[in-house]
Each structure stands twice: as C-alpha cells, then as structure tokens.
1. Can you find, within region A:329-342, the residue that is farthest from the other protein chains (Cβ to nearest Cβ) among those that are in a loop (DSSP other than H, G, I, E, B) and more than 27 Å from the chain's Cα centre (by Cα)?
2. Can you tell me how many residues within region A:246-287 are in contact with a Gly (Cβ under 7 Å, 6 or more places away or on another chain) and within 14 Å of chain B (Cβ to nearest Cβ)?
3. Would it be correct to say that residue B:62 is more than 14 Å from chain A (Cβ to nearest Cβ), part of a strand (DSSP E or B) and open to solvent by less than 40 Å² (accessible area, probe 1.4 Å)?
4. What are the residues in region A:210-234 that are open to solvent by 10 Å² or more (accessible area, probe 1.4 Å) and β-branched (Val, Ile, Thr), if any?
5. For region A:378-390, what are the residues that are touching a helix residue (DSSP H, G or I) at 6+ places or on another chain (Cβ under 6 Å) and open to solvent by 10 Å² or more (accessible area, probe 1.4 Å)?
6. Please specify each residue of region B:41-59 satisfying the condition of being in a loop (DSSP other than H, G, I, E, B) and either modelled with pLDDT under 95 or open to solvent by 20 Å² or more (accessible area, probe 1.4 Å) (or both).
7. I'd like to verify a number: residues in region A:128-183 that are in contact with a His (Cβ under 7 Å, 6 or more places away or on another chain) and farther than 14 Å from residue A:32 by Cβ, how many?
8. Give A:146, A:97 a once-over and let me know the one that is out of contact with any Asp or Glu (no Cβ under 7 Å at 6 or more places or on another chain), away from chain B (no Cβ under 14 Å), farther than 25 Å from residue A:266 by Cβ and aliphatic (A, V, I, L, M).
Amino acid sequence: MSTPKTLFDKVWDAHVVRQIEGGPDVLFIDRHFIHEVTSPVAFLGLEGRHASVLFSERTFATADHNTPTINQHLPVADPQSASQLDALERNAHKYDISHWGLGHQKNGIVHVVGPENGITLPGMTIVCGDSHTSTHGAFGAIAFGIGTSEVEMVLATQCIMQPKPKKMRITVNGQPGKGVLSKDIILYVIAQISASGATGYFVEYAGQVFENMSMEGRMTVCNMSIEMGARGGMIAPDATTLSYLKGRDLSPKGEQWDKLVPYWQTLKTDEGATFDVDLTFDAADIEPQITYGTNPGLGTGVTQHIPMADTIKDGAASYKKSLQYMGFAENESMLGKPVDFVFLGSCTNGRIEDFRAFASIVKGRQKASHVTAWLVPGSHVVEKQIQDEGILDILTQAGFELRQPGCSACLAMNEDKIPAGKYAVSTSNRNFEGRQGPGARTLLASPLVAAAAAVTGEVSDPRQFI
Amino acid sequence: MAYDKFTILRSSAVPMPNENVDTDQIIPARFLKATERKGFGDNLFRDWRYNSDNTPKADFVLNNPTYSSEGVSRKILVGGKNFGSGSSREHAAWAIYDYGFRCVVSSFFADIFRNNAINVGILPVQVSPEFLEKIFAAIEADPQTELEINLPEQTITLLATGDSESFAINSYKKNNLTNGYDDIDYLLSMKNEIEAFAETRPF
C-alpha cells in the first residue's frame, strides 16, 4: 500500500512539472485570475521580454479592487483608476483573455465570481495577485496569492516556482452555538494562534463544523487563512461542494462532469497521513467574535473585555501601539463601544448568505441614525439574488441602501474610505492601521455582529435579536 | 525587471522593531493606482512617515537624522517579527527597493512578501530572535554600526563585534540573486515540458 497522503499533498504532487534540486518546485497552474491593480506591470514585463501569454484560456480577468460602488454606468472619475481599468481591458483584449469589466453582468469581486461561475473546481491549482485567493481552497483546490512578478510568470509560462509549504490541520468539532457564523469560527481560530501562527504552512480545515458548513461559509473560512499567515487553506470536496458546482455556467457538463466526480472523490486526506502541526478546537467555546486591535489575531468574544498586554503573544510595545491607534485600553468591555460605520461586503462576507444573515437581524428594525452603512454585494449575481429573494425590500425598509459590487471599503482604494478616527464594524478581513482609509479604525466581525451594530449604533451581542 | 546583482553588502541599517509590519503600512492601497513601476519609494511607509498635510513625522525612523548616513541611503532595513504580512501587493517590495534598501532582516517573514522580495532583488535575511535583538541593541548603541550580508557564504555579521549568524536560502534562489537571473527566464527555457504537462490536465 502506498504512503498515506494528505489532501494537500495529492493536489500539489499532481501539479509538479519539475523538481529543482535544492530549489522550489515548478508548479503548473490550472486557473489564473487577474484584476486591474496587480496586473498592469506584469503585462509590461511580458512586453519587455518579448514574451506572450502561454494559455490565455486559463486566465480570467475581472475589475474589482479600484472600481466605484455607485454610478458604475458613468465614466470613472479618478483618472488613475480609469487608466488601470483601461489597461486591464486593453491587455485582456490583446492577449485574448476573458474579461468581466465594470458594467459586465458577470462582474464582481474576483473571489466571488470565480466560484459562482464554476471556474473554481476541486483539485485545481489557482493563483491570483491577491492574498485572498485562499478563498478558492473551500473547493479542495490549492489556491494562494502571488505578487506581480509571479503574475507575469504565470501569464508567460502557466507555472510558478514555490517551495512546498509545511502542512497544518485545524479541526473544529461540535456544534456552533446560536449566532455563531463561519466568520466567528475563523476569527476565533486566528485569535488563538495569532496573525502569524500559520506562516509557512498550508492549512486543511477538518471536522464536523466545516463538514456541516455551506460553500459560502467554507469560502469565508478559507479566505481568512492568510490572516493567520497561512499561504492558503483547503477543505476536502464533498456532496455539498459538488451540489454547489453542478450546473454553474462554466462548470464541466455531461460526460466531462461524470468523469471528474470519481477523481474528486479521491481528494481527501488518507487515514494515517500526518501533518507538521495538528490543532483541534471545540465549537462550543466560540461565541460571536469581534476584533479590537490592528491585526486580525487581536480578536475576542463580543461579550469579552480587551485582554491585558501580558496575556498577548506579540510584544507588549506593538500591542499597546495597536490599542492606542484604536483608542481603546486594556480591560475595557467591547459591548457598548460606539460605532460610526458598518461595512457589509468583501471577498470574505459579500455573498448571498451574508446578506441573508444581515437581513435576518435588521428585518423590522431601523438603522441607528448616526451610523453610515455601506452594503456592497460581492457581484452582480449576488446583487440580483438580493433583489429576487426580497432582501432588498427588508434592507430598504430598515433604512439601508445597497451599493454596486466591488472590493469597496475593504481596502479603500476607491472613494469608499472610512474617515480618520471613525469606528467601523466591518465584515471584511483586515483591521490594519489605515486599511479602510487613513486613520480609520476597523472592528472585524460577522454579518450578524455587523447588523446588530448597525441597528444599535454600538458593539452589541447579535444573539439578543435572534 | 532587471535588478542589481547581490553578493556582499556592507551598510549601516535602519531599525524598525515593530512586529507584524503589514504591507498596507509599507505602501497604503491608495498608492497602488499606477500602471507602471515608478516612484513607489516616495510613498514607502507613507502614513507612518508623513502627517495628513504631507509634513514629515519627526519621530518616524526614516525621518530621523540619526539614521541617515550623510545623505547616503542605508541599504539594510531591520524589522520586527512577521515582517510583510497581509496583502500580496508586490508594490511593497518595489517601494522598499526604490527607496534604496537591498536587504530586509527579520526573525520571521510573511511568505508572500519573502517571495516578492527575492523576485525584485531584495534579499530577505531571516535570523534568530536572539540575533535580531543583538542587531537592534547594536544599532541603538551606535546608529552608524555596520552589518555585512554575505550571500555566497550565507552569513550576516555585526562588523563592530564580529558576531555572526548564518541564514538559509535555497541554492536556486541564491544563484538567481547573485547573477541577476529571474524565474521567468528559467521557466521559458522549459516551455516544451510545460506544454506537454498541460496536455495531461483534466481541466
């Protein structure tokens, strides 16, 4: 019998074109996503070396990072932003790459549109010049973010050079309690192991909690893998995965689908396969989470107090600087902290399930008058679902408006910037200094915690509304 | 894009002991709108380096005359653990290179940043937490103290005391950096092998 392998080993090993002695593996890439911000210099590089795109059908372009989320039918006002969008369109056209630009009915955040159109499949290698490419690991793919030199590399050669990372398994067993969403699970894990706890590792998520999770929930979890330093995270494909994928626009059909299913069923960690690190958590210990600091590892239960510096793994100086930036102090209660902005959206929580969750709390209630809320669907497909399911009516009656798809205030590259000093409860993925705008203060949370904050105007326990 | 070959580097260093320096701090997203790789050094650590009215923040290390060598930019940046976490933006490595640094030393690098750094010609040198403390202490005692990074020998040395530590780098990447090669040249040379491999993929 052959040596037991992990899911990660199976997918990685199937993509090694060449092993370099004393060096990285040459890894074949099945799918490559590009967007307007990290691709223009890669195309310039290609031209500089008189190279071309090797397999244009394996690359997909969408505009998302630097697009407006209102009045998308108008010309983009900022000339630099417009120039990036033009460059993407021009390059995609020149090299015959599929391009879902601004205004296209398939347009949206790259990590939302890839899966919802069936471009992402189990057993693939997937890269994009964006660290949240880890999202696609929810389908049992090896997916990770790359830099612009590597974008150029993949365009020119469909390969990337990577040393094989170490392997970590994170198992969460049990039943999540009331009001605990996939976002809370992953924020809890990151708080336990810190923002650098998985650096150098590729993670597999295992256990009942992930087995019972929807694909949207799994994407939220895998998306945040990078926030604990992991290059990526993946979940073995199962019936939930296949039923999500079947019939999507670009999913394999008919005979091709039937041939792939038996292969996909082999994509799981064998009994007896080993990991460099194996961690286990209990869902019963997890309550709705919120962050209070300036990295995603600085989070706690929403009913908890801000930890004392001496209980934190990172250095006390960095921790105190972090609290100072946030305008918080050790031992303060998170409940009742004032909230100025609420942001629902991003590749972490911009899918239909997230809007359903948000709507479940704001239904029949009203947005707090002093709160500015930006609700940004991850794609036009999600936007249409929100309308078709009647969620838009619920949101409108509660005093909310829906914006148009894009990355928006998650990285604040467009106009959607939280003003300096203001507090935003955000369903996105990073609470770094200035991430949502210079001087902005971000509290990461689930769509339920965001909804509770939106209606009360302060950090609140969403369970009181469920 | 071509970069300077890296063999032996001697320079005084800029200390930045903060932990978890993420790439949003190295270069904020609003400076990622360019379509060419030009001028990113001007916005390196923008919001730590400048006030909102664009005046320099006097207490930030890059604005501190103690850590400038009479107009000569220092080529080594020494950072706290988990340097370069967060966003995959290679612009962070471009900004560091464009500012004049050729080497970043830390006890721990985020994976994507490490790759990006090497790909643009910056050597990431990972040292033990103890050696990192020694470096910070040495710079504090004498801001002009010099470090030597010897890539062929894979050593980092505090020249004043001779304290030294070896660092790891795989031989392929080492060969690239010392000769100014890049991965794409290598991969283009195996194009036939890649095309044959692609034929075997089921999707």
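The values are calculated or read from the model by the stated rules, or taken from the named source; none is laboratory data. What you see is a predicted model, and the numbers here were worked out from it, not measured in a lab. Here the Cβ is made from the backbone with ideal geometry for all residues, glycine too, and neighbour counts use every protein chain on show. Quick note on the areas: whole protein, heavy atoms, side chains included, nothing else; ligands and nucleic acids left out. Shrake-Rupley method; radii C 1.70, N 1.55, O 1.52, S 1.80 Å.
1. Pass one, region A:329-342, residues in a loop (DSSP other than H, G, I, E, B): A:329-332, A:334-337, A:339-340.
So of that shortlist, the ones also more than 27 Å from the chain's Cα centre (by Cα) come out as A:329-332, A:336.
Numbers: A:329: 20, A:330: 18, A:331: 22, A:332: 22, A:336: 28 Å.
Per the criteria, the residue is A:336.
2. 6
3. On the way: more than 14 Å from chain A (Cβ to nearest Cβ): yes; part of a strand (DSSP E or B): no; open to solvent by less than 40 Å² (accessible area, probe 1.4 Å): yes.
No: the conditions fail for residue B:62.
4. Listed by number, the list holds a single entry, A:226.
5. The first filter runs over region A:378-390 and keeps only residues touching a helix residue (DSSP H, G or I) at 6+ places or on another chain (Cβ under 6 Å), leaving A:378-379, A:381-382, A:385-386.
If the condition is that a residue be touching a helix residue (DSSP H, G or I) at 6+ places or on another chain (Cβ under 6 Å) and open to solvent by 10 Å² or more (accessible area, probe 1.4 Å), then A:381, A:385 are the ones that fit.
6. Step one: of region B:41-59, the residues in a loop (DSSP other than H, G, I, E, B) are B:44-45, B:51-55, B:57-59.
Across region B:41-59, the qualifying residues are B:51, B:52, B:53, B:54, B:55, B:57, B:58, B:59.
7. Number satisfying all stated conditions: 2.
8. A:97
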